[in-house]
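Q: Below: one structure in structure tokens.
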Amino acid sequence: MSGNPAYAWMNGEIIPWEDAKVHVRTEGFMRGASVFEGIRAYASPDGRQLYVFKGAEHTDRLFHTSMKILRMQLTWTAEDLIHGMVQLLRANTFHADVHIRPQVYFGMGEDHGFDPARIEVGCVITAVERPAKPSLWNGIHVRVSSWRRIGDETMPPRVKAGANYLNSRYAMMEARLDGYDSAIFLNAHGKVAEGPGACVMIVRHGKVIAPPATAGVLESITKSTLVQLFRSELDVDVVEREIDRTELYVADEVFFCGTGYEVQPIVSVDRYTIGTGEPGSVVKRMQDLYFNIARGQNPKYSQWLRPVYPD
């Protein structure tokens, strides 16, 4: 599909894409007072079916973490949003991989308000086609950012808030201007946190290692999915602990994981070659397993998928 899709979902209705608008005086626009989720829908190999991947887990995080901490109350339920996603994907007749973004925002009303009697709360869902880039298979080059990751005592990363992603923008601008593809944050204690929109995992001595949830990271659904699959399907041990910056340089493999980045190999950090300089065997095995499940080819995990079209 070229250009924008035909429709968006806004406040309970499928509407033309061009009509999905908010006023410039909304708190969501002026102060970034919004929370969101990134969700993928994957096409089956024959392109006839589309599967929303872990939609229930994403909407649960939206309602029970991000919205709760920001004290947002919404008219629609989590299941309403999932139903809205399915209806939106059908309306746009998508048959290729799609990135879905449900976003809840504070609208017009009292400045810095959160009481529904004093401020509007709205929700919009958009979806756009997002095919895999060659870098997903070839790997990317990243740098450790000079910007530190926000922390729970300032802008809690477990809240997937629009305003938090200015932190990511600073890191990405720096990385791109310096000739890198992306960046890795350290937290306030100088330990590895995450990337600008993805968790970081490394492989050392046959084990997968990931920073803990207390390292200043999003409580990632993709990360928890990979941890489960590494242990149950690939028989690879996973350890959650702090990671030093220099441990990135000597790791056998380094990779990002997240809805946007999926399972993304990293082949160099700060111009230190990781492993052989090519995607390693552990991450490639996980990619094969992950996409096999996401495309509906593994009935064992069918409960993770919401089909879009009738069989």
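The values are calculated or read from the model by the stated rules, or taken from the named source; none is laboratory data. Just so it is clear, the structure is predicted and the values come from calculations on it, not from any experiment. Don't worry about glycine lacking a Cβ; one is built from the backbone with ideal geometry, like all the others, and counts go over all protein chains shown.
Q: So for the range 267-288 (the condition being touching a residue at least 40 places away in the same chain (Cβ under 8 Å), more than 24 Å from residue 180 (Cβ to Cβ), of a type outside the set (Val, Ile, Thr) and not assigned by TED's automatic domain parsing to the domain that holds residue 64), does at least one residue qualify?
A: Checked the range 267-288: at least one residue is touching a residue at least 40 places away in the same chain (Cβ under 8 Å), more than 24 Å from residue 180 (Cβ to Cβ), of a type outside the set (Val, Ile, Thr) and not assigned by TED's automatic domain parsing to the domain that holds residue 64.
Q: Ok, one more. For the structure I just gave you, tell me whether residue 290 is under 16 Å from the mean Cα position of the chain (by Cα) and among the aromatic types (Phe, Trp, Tyr). Write out each step before concluding.
A: Numbers: under 16 Å from the mean Cα position of the chain (by Cα): yes; among the aromatic types (Phe, Trp, Tyr): yes.
Yes; evaluated as a whole, the condition is true for this residue.
Q: Pairs needed: first member in the range 3-14, of a type in the set (Ser, Thr, Tyr); second member anywhere, surrounded by fewer than 20 Cβ atoms within 10 Å (Cβ to Cβ); C-beta distance under 7 Å; at least 6 residues apart or different chains.
A: Final answer for the pair search is 7/14; 7/15; 7/16; 7/17; 7/91.
Q: Return a yes/no flag: does the range 31-54 have any residue that is surrounded by fewer than 15 Cβ atoms within 10 Å (Cβ to Cβ), hydrophobic (A, V, I, L, M, F, W, C) and more than 21 Å from residue 132 (Cα to Cα). If you could, list the steps in order and put the result at the bottom.
A: First, the residues of the range 31-54 that are surrounded by fewer than 15 Cβ atoms within 10 Å (Cβ to Cβ): 31, 45-48.
After this cut, where a residue has to be hydrophobic (A, V, I, L, M, F, W, C) as well, the list is none.
Among the residues of the range 31-54, not one is surrounded by fewer than 15 Cβ atoms within 10 Å (Cβ to Cβ), hydrophobic (A, V, I, L, M, F, W, C) and more than 21 Å from residue 132 (Cα to Cα), which makes the answer no.
Q: Pairs needed: first member in the range 170-191, at positive phi; second member anywhere, surrounded by 13 or more Cβ atoms within 10 Å (Cβ to Cβ) and of a type outside the set (D, E, K, R); C-beta distance under 9 Å; at least 6 residues apart or different chains.
A: Taking only residues 6 or more apart or on different chains, the pairs are 179/141.
Q: Here's another thing I want to ask about it. How many residues are in a loop (DSSP other than H, G, I, E, B), crowded, with 23+ Cβ neighbours inside 10 Å and over 12 Å from the mean Cα position of the chain (by Cα) when one looks only at the range 190-210? Write out each step before concluding.
A: Here is the first cut: in the range 190-210, the ones in a loop (DSSP other than H, G, I, E, B) are 190-191, 193, 196-197, 205-206.
Those left that are additionally crowded, with 23+ Cβ neighbours inside 10 Å: 193, 196.
Subset that is over 12 Å from the mean Cα position of the chain (by Cα): 193.
Counting residues in the range 190-210 that are in a loop (DSSP other than H, G, I, E, B), crowded, with 23+ Cβ neighbours inside 10 Å and over 12 Å from the mean Cα position of the chain (by Cα) gives 1.
Q: Given the conditions (1) free of Cβ contacts under 8 Å to residues at least 60 places away in the same chain; (2) more than 16 Å from the chain's Cα centre (by Cα); (3) under 19 Å from residue 260 (Cβ atoms), report the number of the one that residue 50 does not fulfil.
A: (1)
Q: Just to be sure I understand the filter: pairs with C-beta atoms under 6 Å, separated by 6 or more residues or on different chains, first member in the range 30-44 and farther than 30 Å from residue 96 by Cα, second member assigned to a strand (DSSP E or B) and of a type outside the set (Asp, Glu). Which pairs pass?
A: 33/106
Q: Being within 21 Å of residue 219 (Cα to Cα), hydroxyl-bearing (Ser, Thr, Tyr) and either crowded, with 20+ Cβ neighbours inside 10 Å or at pLDDT 95 or above (or both): is that true of residue 93 here? Step through it out loud before you land on a result.
A: Details: within 21 Å of residue 219 (Cα to Cα): no; hydroxyl-bearing (Ser, Thr, Tyr): yes; either crowded, with 20+ Cβ neighbours inside 10 Å or at pLDDT 95 or above (or both): yes.
Taking the combined requirement at face value, the residue does not satisfy it.
Q: Can you name the residue in the range 113-154 that is among the basic types (Lys, Arg) and in a loop (DSSP other than H, G, I, E, B) and, of all such residues, is nearest to residue 67 (Cα to Cα)?
A: We begin by selecting, within the range 113-154, every residue among the basic types (Lys, Arg); these are 118, 130, 133, 143, 148-149.
Imposing the further condition that a residue be in a loop (DSSP other than H, G, I, E, B) reduces the set to 118, 130, 133, 149.
Working: 118: 17, 130: 26, 133: 32, 149: 21 Å.
That would be 118.
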